[in-house]
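Novice: Okay, here's the structure, questions in a sec.
The values are calculated or read from the model by the stated rules, or taken from the named source; none is laboratory data. Given the structure is predicted, the values throughout are model-derived calculations rather than measurements. Neighbour counts are summed over all protein chains in view; Cβ atoms, including those assigned to glycine, are modelled from backbone coordinates with ideal geometry. SASA here: full protein model, heavy atoms, side chains in, ligands and nucleic acids out. Shrake-Rupley method; radii C 1.70, N 1.55, O 1.52, S 1.80 Å.
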Amino acid sequence: MADNTKTILRGRLLSFHRAPDHLEDTQAYQYETDGALLIEKGRILKRGRFSDVAALAPDAPIQDHRPHLILPGLIDTHIHFPQVQVIASWADQLLDWLNDYTFPAEQKFEDKAHGTRIAKGFYDALTAHGTTTAVAYCSSHPNSVDAYFEEAARRNMLMLGGKTMMDRNAPDALCDTAQSSYDDSKALIGKWHGTGRAYYVITPRFAITSTPAQLEAAGALLREHPQCHLQTHINENHNEIAFTKELYPDADDYLGVYESFGLLGKKTLLGHCIHMNDRELAVMKETGSVAVFCPTSNLFLGSGLYDKARLETHGVRTAIATDVGGGTSYSLLRTLDEGYKILQLQRQRMHPLTSFYWATRGNAEALGLEDRIGTLEEGTDADVIVLDAAATPEMALRMETAQSLAEELFLLQTLGDDRAIKQTYVSGVPQKRAG
Ligand code: GUN
Ligand code: FE
């Protein structure tokens, strides 16, 4: 009799132990050409050669994904859930884009039914594009957080997110107060953090939309809930930086604002980090805060070029993300491709092994969640994707001449999108319809 509690996924397994140092760094990853994962109750029980894994569970049904690659699910470390209907809005740079499109769209999330409907489309988009975990800004309404985590729970997805705290320089309908944002965030932490696979993220939007009293409240929340991450934006756009300086004239610099309210640390995710001074980089390193690269957004909003080499030379931890709806694609493959080009413009060449490390284990490490996701290690959650480097006729033609794993990965990054994601498993359950 078939053992329906277990499933075997067969294919070419690829996962990373650490960041690859160079092109030939075969020690950084594990690649099994006829590999398999044995999955039970949403976890990876065994990984190895197909023949060895199959012998352990001879009755388990086999999903045969040969000749495709099997990787850990992709991780998006910065995305805006209420911007599903903001993506692709023709706008000027950041502050106009926020005022003209983003703030009006986010106001609709006061209505729970709207959030619930958008959440379905949001998670469909993530899994279609191979993203199994994301870190999201919800709107300022607690309703939007409920809609976000309720739909994630229905799908058993490991998701991080939180209510955006914002009490000035935005429409009244979006503004909370320092006190209400503290109270609402605290209640939401109690309700959601650690419920199923949910992680709550304390989320002051950025310095411009928070009074000092609200950043103080965010700092208090972080001290009271050190198990939570904190996310915000920094040094994305020159006008944003100038306005921040006006609002916080006594701070050393932009990072100094967040630093003075105790918002930095190993669980702090700082979106953009484009225009950083040396003092800011030193403080980032000292505090272990993470600089999140959002390439499609930085190009779309004309924000600037993220200097990965400089950040890493200064010992700053880095992550990569879509930043939808400033970002223009849900796909981390598209995101890696645009990121590659931004680095090319600065004479930095990202190797494809580094790219795929970054979008899987690298982002998991940035979140401190590599014990659960991003690796295919035994005992971790069964969030897994199947990648087809010949998904379209033109990819198939190019694939005919690919000589190595690195070439195949580079092809996937450069030409791939949701069509190259053959399947997405969340907690061991396939999310994409066959065909
Ligand atoms: N800074 C403050 N809010 C936002 C946002 O929604 N998107 C981006 N890209 N930057 C921001
Ligand atoms: Fe953002």
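Novice: Would you report the distance distribution of C-alpha pairs in the stretch 197-340 as whole percents per 5 angstrom bin, up to the bin with the largest distance?
Specialist: 2, 10, 20, 22, 22, 16, 7, 2, 0
Novice: While we're looking at this one, here's another question. How large is the accessible surface per residue of the chain, computed with a 1.4 Å probe and reported in Å² as a whole number?
Specialist: Spelled out: the 1.4 Å probe surface of the chain, per residue, equals 38 Å².
Novice: Using only the alpha-carbon atoms, what does the stretch 32-94 span along each of its principal axes? Please give whole angstrom values in decreasing order.
Specialist: 59, 25, 18
Novice: Mind checking which aspartates and glutamates have their C-alpha under 16 Å from K112, skipping anything on the same chain fewer than 8 residues away?
Specialist: Of all the aspartates and glutamates, those that pass the test against K112 - Cα under 16 Å, at least 8 places apart if same chain - are D146, E150, E151, D184.
Novice: Cα centroids of the stretch 243-309 and the stretch 160-227: how far apart, whole angstrom?
Specialist: 19
Novice: I've got another one for you. What percent do you get for the relative contact order of the chain when only Cα pairs under 8 Å and 6+ apart count?
Specialist: 19
Novice: Shifting gears a bit: Looking at the chain, send over the antiparallel percent of its DSSP beta bridges, to the nearest 5.
Specialist: Among the beta bridges of the chain, antiparallel pairing accounts for roughly 45 percent.
Novice: Let me ask something else. Per-residue ellipticity at 222 nm for the chain, helices alone: DSSP H runs ≥ 4 residues times -39500 (n - 2.57), over residue total, nearest 500 deg cm²/dmol?
Specialist: Mean residue ellipticity at 222 nm (helix-derived): -10000 deg cm²/dmol.
Novice: I've got another one for you. Take every Cα-Cα distance within the stretch 1-159, group them into 5 Å bins from 0 onward, and report for each bin the whole-number percent of pairs it holds.
Specialist: 2, 8, 13, 14, 13, 12, 10, 10, 9, 6, 2, 1, 0
Novice: Viscosity 0.692 mPa s, temperature 37 °C: give me the Stokes-Einstein translational D for the stretch 65-185 in µm²/s, with Rh taken as the Kirkwood radius over C-alpha pairs.
Specialist: Diffusion coefficient, whole number: 215 µm²/s.
Novice: Looking at the stretch 1-126, what % of its DSSP beta bridges pair antiparallel, to the nearest 5?
Specialist: Counting only bridges with both partners in the stretch 1-126, antiparallel ones make up about 75 percent.
Novice: Under the 0.36 nm per residue contour assumption, what length would be gained going from the current alpha-carbon distance of A88 and A242 to full extension?
Specialist: Fully extending the segment from A88 to A242 adds 52.8 nm.
Novice: For a quick size check, give me the Cα extents of the stretch 296-435 along its three principal axes, largest first, whole Å.
Specialist: Over the stretch 296-435, Cα extents along the principal axes are 42, 38, 32 Å.
Novice: What are the extents of the Cα atoms of the chain along their three principal axes, listed from largest to smallest and rounded to whole Å?
Specialist: Result, largest extent first: 65, 47, 39 Å.
Novice: Rolling a 1.4 angstrom probe over the protein chains, ignoring ligands and nucleic acids, what is the accessible area of Y137 in square angstrom, nearest 10?
Specialist: That residue has around 0 Å² of solvent-accessible surface.
Novice: Residue by residue through the stretch 306-317, which ³J(HN,Hα) values in whole Hz follow from phi under the Karplus form 6.51 cos²θ - 1.76 cosθ + 1.60 (θ = phi - 60°), with glycine and proline marked x?
Specialist: 5, 9, 4, 4, 5, 4, 6, 4, 7, x, 8, 6
Novice: At most 14 other Cβ atoms within 10 Å and a DSSP loop assignment: could you name the GluC sites (Glu not before Pro) in the stretch 354-435 that fit?
Specialist: Of the GluC sites (Glu not before Pro), the ones in loops of the stretch 354-435 whose Cβ has at most 14 other Cβ atoms within 10 Å are E378, E400.
Novice: On the full set of protein chains, 1.4 Å probe, figure out the accessible area of L23 and give it in Å² to the nearest 10.
Specialist: Accessible area of L23: about 110 Å².
Novice: Identify all lysines with a Cα-Cα distance to K341 below 19 Å; exclude those on the same chain that are fewer than 8 residues away in sequence.
Specialist: Output for K341: K308.
Novice: What figure in square angstrom, to the nearest 10, would you give for the accessible area of C175 with a 1.4 Å probe?
Specialist: Here the accessible area works out near 40 Å².
Novice: What residues have an amide H closer than 5 Å to that of V324, excluding those fewer than 5 places away on the same chain, when H is modeled at 1.01 Å from N in the peptide plane?
Specialist: Close amide H contacts, sequence-distant or interchain: H80.
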